[in-house]
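**Q** Can you keep this structure in mind? I'll have questions shortly.
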Amino acid sequence: MKQVISVRDLEEMLRSGKDVRALPADALVTPSARDLLRELENPGSYKATAREVPATVANMPVTSKSPKSEIEAYFNSPTVHELKVQICEVGRRLWQREYVDGNGGNIAIRVGEDIALCTPTLVSKGFMKPEDMCLVDLEGNQLAGTKKRTSEILMHLQIMKRQPRAVATVHCHPPYSTGFAVAGVQPPTCMIPEYEVFSSVAIAPYRTPGTPEMGKLVADLVDKHNTILMANHGVVAWSHNNVEDAYFKMEILEAYCRTVLVATQLGKPVNTMTPAQLQDLLKIKQSLGIPDPRFGLKECELCDNDEWRPGVTCAVPNEAGSRTQAVVNPDAEAEALVQAITDQIMAARK
Ligand SMILES: [Zn+2]
């Protein structure tokens, strides 16, 4: 079978110092990979920023510079209506699964080279209607829609600018994942295949929600990660497929964090997969076009959970002030407390 060479393969070769001119003579080179080869020979001929923008987005007819009437017509077209319905559906699932609270959470879909559809501010994600949606340019300026766009849109747009493959983004506050984000604990790896294949998680430091600074810190991570834990806040994920896929990242992360928490409460060390087993999953991940900073690592460098301490939350300060694992027998402690209360009651009755 002939080898198929994509841009990603070429980039991988360049990163590892291999000569891209030494491709097999009969290899099938994708059009964008051919453009990159041309650029390497003739710098300036290749538009690096446009290459990864999915054709579905790049071919959409309207930009932020289009006449207002065209923007309005596009915003009210059946194509965009269908995407508005998808946003409402994802919002309903976020609310039903308790991944959002109050008016929290927001969703965006890229619908053109420099425009995106997004959720409005101050509306519960469980009860949105297609007519509530807003259209913005990539700077966050509202182009269409009667409701005001979400204040957190800047983060979604910064993700789309830094990661041109991101066609949809979802942000919410799922309790288990957010618990990890509040504790500043990166979920451990090598435990469940679903998580290894579909998620690539990093933690961004806390900044005030909705500020450009917050968006930048998240955007700094989206090159190699599709799911970002936002410290003391929540989670945001992007997808190169569609908005439902971005939402699936939430389900996968939330189920994983919950399972890890259960597994570490069961009183015995958790079993993890071997580096060779993980390597197999990473191969599948790469073929699906999902990013991961571990691609190309040697087996001995994989499954590094050095910073992960199961049960670390059970630690209490000892008398010297340092943190140690809790060793107090809770039954003995409760008994002593009951005894102390009984003694006080008896003393008061005397
Ligand atoms: Zn939020």
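The values are calculated or read from the model by the stated rules, or taken from the named source; none is laboratory data. All values derive from a computational prediction rather than experimental measurement. For neighbour counting, all protein chains shown are included, and Cβ atoms are generated from backbone atoms with ideal geometry for every residue, glycine included.
**Q** Got a number for residues in region 160-189 being of a type in the set (A, V, I, L, M, F, W, C), touching a residue at least 60 places away in the same chain (Cβ under 8 Å) and within 13 Å of the ligand (Cβ to nearest atom)?
**A** So the answer is 2.
**Q** Out of (1) within 15 Å of the ligand (Cβ to nearest atom); (2) modelled with pLDDT of 95 or more; (3) under 30 Å from Ser69 (Cα atoms), what's the single condition that is false for Ser151?
**A** (2)
**Q** May I pose another question? Does His225 satisfy the criteria of being under 23 Å from Arg93 (Cβ atoms), within 16 Å of the ligand (Cβ to nearest atom) and in contact with a strand residue (DSSP E or B) (Cβ under 9 Å, 6 or more places away or on another chain)? I'd like the intermediate steps shown before the answer.
**A** Numbers: under 23 Å from Arg93 (Cβ atoms): yes; within 16 Å of the ligand (Cβ to nearest atom): no; in contact with a strand residue (DSSP E or B) (Cβ under 9 Å, 6 or more places away or on another chain): yes.
Here the answer is no, as His225 does not meet what is asked.
**Q** Further question: Going by the structure shown, is Thr49 under 26 Å from the mean Cα position of the chain (by Cα), assigned to a helix (DSSP H, G or I) and at pLDDT below 75?
**A** Criteria not met by Thr49.
**Q** Looking at region 256-274, which of the residues that are of a type outside the set (Ser, Thr, Tyr) and surrounded by 17 or more Cβ atoms within 10 Å (Cβ to Cβ) is nearest to the chain's Cα centre (by Cα)? I'd like the intermediate steps shown before the answer.
**A** So in region 256-274, the residues of a type outside the set (Ser, Thr, Tyr) come out as 257-258, 260-263, 265-271, 273.
Checking the rest, the ones that are also surrounded by 17 or more Cβ atoms within 10 Å (Cβ to Cβ) come to 257, 260, 273.
Numbers: Cys257: 14, Val260: 18, Met273: 23 Å.
Filtering region 256-274 for residues that are of a type outside the set (Ser, Thr, Tyr) and surrounded by 17 or more Cβ atoms within 10 Å (Cβ to Cβ), the one nearest to the chain's Cα centre (by Cα) comes out as Cys257.
**Q** With Asp223, Asp114, Asp137 as the choices, which residue is without any contact (Cβ under 8 Å) to a residue 60 or more places away in the chain and of a type in the set (Asp, Glu)? Let's see the steps before the verdict.
**A** Values: Asp223 fails: without any contact (Cβ under 8 Å) to a residue 60 or more places away in the chain; Asp137 fails: without any contact (Cβ under 8 Å) to a residue 60 or more places away in the chain.
Being without any contact (Cβ under 8 Å) to a residue 60 or more places away in the chain and of a type in the set (Asp, Glu) holds for just one of Asp223, Asp114, Asp137, which is Asp114.
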